[in-house]
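Everything below concerns the one structure shown next.
Just so it is clear, none of the values below were taken in a lab; they were calculated from the coordinates. Nothing here was measured: the structure is a model prediction, and the numbers come from that model. Glycine also receives a Cβ, built like all others from the backbone with ideal geometry; neighbour counts cover every protein chain displayed.
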Amino acid sequence: MAVMKAFHKLCKSLDYICGGICIFCIAGMVILTGLQIVCRLWFTALVWSEELTRYLMVWATFLGASCVYRRSGHINVTIIQSLFPKSCQKLMQVCCHLLCGAFFIAAVLYGIDYMGMQSRQLSAALRIPMSWVYLAIPIGCGLMAFNVCDLLLKMFFPDSDEEEGTI
C-alpha cells in the first residue's frame with residue numbers, strides 16, 4: 001500500500017509540474033505573439049518568435065494532454081458503455097485504459113526513434129536541435145502511460161487512494 005501511495009503522489013507531483021510548465025508555455029506564446037505584433041508594426045519583425053511559439057505549443061499540447069488524461073477530461077463516447085450493467089462498465093473502462101496505455105507506450109518508443117532520426121537537424125531560426133522539440137512526444141506519452149497505471153490502480157484499489165479534491 002505504501003508503494004501505491006508513493007506512486008499516486010509521484011503522479012500527482014508530475015501532474016502539478018506539467019501544469020506549471022503548460023502555464024509557462026501558454027504565457028510565453030501569448031507574450032511572444034504580442035511582441036511579434038508590436039515588432040512588425042513599429043520595428044523589424046522577429047524571425048525566431050513564430051518558431052519558438054510553435055515549439056512551445058508542441059510542448060504545451062503533449063504535457064497538457066497528460067494533465068487532461070489524468071482527470072479523464074478527454075472527449076469520449078459513453079452511450080454504448082451506459083447500456084451495459086455496472087460490472088461490465090468497469091471492465092470496459094479497464095480495457096479502454098489498457099488500450100490507451102498500449103498506444104502511449106508505442107508512441108513513446110516511436111517518439112524516441114523519431115527523436116533520434118532528427119538529432120542532427122537544427123531548427124531554421126533558433127538553430128536548436130530538433131530532437132529537443134520532438135522530445136515532447138516520448139515525455140508527454142510517457143506521462144500519460146504513468147497516468148494509465150495510476151488510474152488503473154485507483155480503479156482496483158479505491159480505498160488506497162489518498163484524499164484529494166477535484167480541480
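Counting other C-beta atoms within 10 Å, which of Trp59, Trp42, Trp48 has the fewest, and how do the rest follow? Walk me through the numbers on the way to the answer.
Values: Trp59 21, Trp42 7, Trp48 15.
Going from least to most buried by this count: Trp42, Trp48, Trp59.
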### Task
Taking the Cβ of each residue in Asp15, Asp113 as the centre, tally the other Cβ atoms inside 10 Å and list the residues starting with the fewest.
Asp113, Asp15
### Query
Each label point is 7 Å from the Cα along the Cα-to-Cβ direction; what then is the distance between the points at Glu50 and Ala106, in nm?
3.5
### Query
For the chain, what does -39500 (n - 2.57) per DSSP helix run (n ≥ 4), summed and divided by total residues, give at 222 nm, in deg cm²/dmol to the nearest 500?
-26000 deg cm²/dmol
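What is the order of Thr61, Thr78, fewest Cβ neighbours within 10 Å to most?
Working: Thr61 13, Thr78 10.
Going from sparsest to densest Cβ surroundings: Thr78, Thr61.
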### Query
Pick from Ala27, Ala107, Ala45: which residue has the top mean-square fluctuation in a GNM of the chain where Cα pairs under 10 Å get a spring?
Ala45
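How many lysine pairs in the chain, separated by 8 or more positions in sequence or lying on different chains, have Cα atoms less than 15 Å apart?
Values: Lys5/Lys154; Lys9/Lys154; Lys12/Lys154; Lys90/Lys154.
Taking the Cα cut-off of 15 Å, the pair count is 4.
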#### Entry: Under Karplus coefficients 6.51, -1.76 and 1.60, residue-wise ³J(HN,Hα) of the stretch 30-47 in Hz, glycine/proline x
5, 5, 5, 5, x, 5, 5, 5, 4, 5, 5, 6, 10, 10, 8, 4, 7, 6
### Query
Among Ala136, Ala125, Ala65, which one shows the biggest mean-square fluctuation in a GNM of the chain, springs joining Cα atoms closer than 10 Å?
Ala125
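Taking only the C-alpha atoms, wrap a convex hull around the stretch 32-138 and report its volume per residue in Å³ as a whole number. Mind dumping the intermediate values first?
Working: hull volume 12.0 nm³, N = 107.
Given the Cα convex hull of the stretch 32-138, per-residue volume reads 112 Å³.
Within the set of other residues whose C-beta is less than 14 Å from the C-beta of Val58, count the net charge using Lys and Arg as +1 and Asp and Glu as -1. Before the final figure, lay out the partial values.
Values: positive: Arg54; negative: Glu50, Glu51.
Net of charged neighbours comes to -1.
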